[in-house]
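The values are calculated or read from the model by the stated rules, or taken from the named source; none is laboratory data. Only a predicted model underlies this, so the values are computations on that prediction, with no experimental measurement involved. Positions of Cβ are generated from backbone atoms using ideal geometry, with glycine treated the same way; all protein chains shown enter the neighbour counts.
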Amino acid sequence: MLAKIVSKETDPRADRPTRKQQQRSVVTQHKLLDAAILAFSENGFKGTSTREIAERAGVHHPLITYHFKNKDQLWRAAADKIFSEFRSSLATALENNNEDCPKRRMASLIRAYIDYAKSRPALHKVMIQEASVPGPRLDWLIDTHLKPFFEATFVMIEELQELGVAPPGNARILFNMIRLSSGGMLALGNELKASSGIDIDSHETLDELAEIIVNVFLPGEVRSTA
C-alpha cells in the first residue's frame, strides 16, 4: 500500500504542469519578441502599438504587460534578441575562420554580416528608425550593442591597414563604409530591384556583393612584416 503512495514532493511528475506553463510562457515571449521586431522595424517605436504587436503574435494583449511591463521594455527586449543573435553569428564566423589570415577572417565576417542582415532585414531597419532622431533608445542601443562590437572591429581594420590589406585613413570611417555597403544594400532591396534591376534575394547577388566589398575595401594582400 505504502509503495503506491508517492508524495508530491518526490514524484518527478509533480512539477510537469509548472514546466508546461514555463514552456508556454517562453513560447509566448518569443512570439511577442518576433512580432515586436517586425512591427518596430516597419513603423518605428511611436508608430507601433502594443495591441498591434499582440495581434501579430496571436496572443492576448494583457500578456504584453505580464511579460514586459510596457512598450519600452518590450522594445529593448526585442533589440536585445536581434542584436545578440547578430553578434553571435559574427563571433561564430570568426571562430570558424580563426586559423585564416587576417584578410580572410575579415572577409568571412563581411559575409556573415551580409547573410544575417539578409535573413533579418529588421536589423538595419530598426537602426534606421532609431538613428533618425537622437534619444534614449538610440543611446542605449549604441552603448549596449554597437560600441562593444565596433571597438573590436576597429582594431581588426587597423591591423589590416598595417598589413597593407586595407587602404590608409580613418579606420572608423572605413569600417562604417563597409558596414553600410553591406547592410544598406539589403535594407534598400525593394528599391534596388525596381531602380537598378538588382535582385538582392539572389544567392549569386549576395556572393558578388561580398566579393566586391572585399575587393574595394580590402584590395591588398597580406605582406610580410619581417
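Some observations on this one:
- Counted residues, the range 96-115 - those being modelled with pLDDT under 90 and either assigned to a helix (DSSP H, G or I) or loosely packed, with under 13 Cβ neighbours inside 10 Å (or both): 2
- Selected residue (criterion: modelled with the lowest pLDDT) from residues of the range 179-209 that are under 18 Å from the mean Cα position of the chain (by Cα) and among the aliphatic types (A, V, I, L, M): 187
- Sole residue being assigned to a loop (DSSP other than H, G, I, E, B), farther than 23 Å from residue 154 by Cα and either out of contact with any Pro (no Cβ under 7 Å at 6 or more places or on another chain) or at pLDDT 95 or above (or both), chosen from 46, 31: 46
- Scanning the range 151-165 for residues that are within 17 Å of the chain's Cα centre (by Cα) and surrounded by 15 or more Cβ atoms within 10 Å (Cβ to Cβ) yields a count of 1.
- Residue count for the range 145-182, restricted to those that are in a helix (DSSP H, G or I) and small (Gly, Ala, Ser): 4
- Applying the set (1) under 13 Å from the mean Cα position of the chain (by Cα); (2) at positive phi to residue 90 leaves exactly one unmet item: (2).
- Filtered residue count, the range 132-141, keeping only those that are more than 13 Å from the chain's Cα centre (by Cα) and closer than 12 Å to residue 76 by Cα: 5
- When residue 92 is tested against (1) touching a Ser or Thr at 6+ places or on another chain (Cβ under 6 Å); (2) assigned to a helix (DSSP H, G or I), exactly one condition is not met: (1).
- All positions within the range 116-126 that are assigned to a helix (DSSP H, G or I) and either in contact (Cβ under 8 Å) with a residue 12 or more places away in the chain or touching a Gly at 6+ places or on another chain (Cβ under 9 Å) (or both): 116, 117, 118, 122, 123, 124, 125, 126
- Matching residues in the range 76-125 - criterion: being among the hydrophobic types (A, V, I, L, M, F, W, C) and more than 20 Å from residue 145 (Cα to Cα): 101, 107
- Any chance residue 168 is over 21 Å from the mean Cα position of the chain (by Cα) and without any contact (Cβ under 8 Å) to a residue 60 or more places away in the chain: yes
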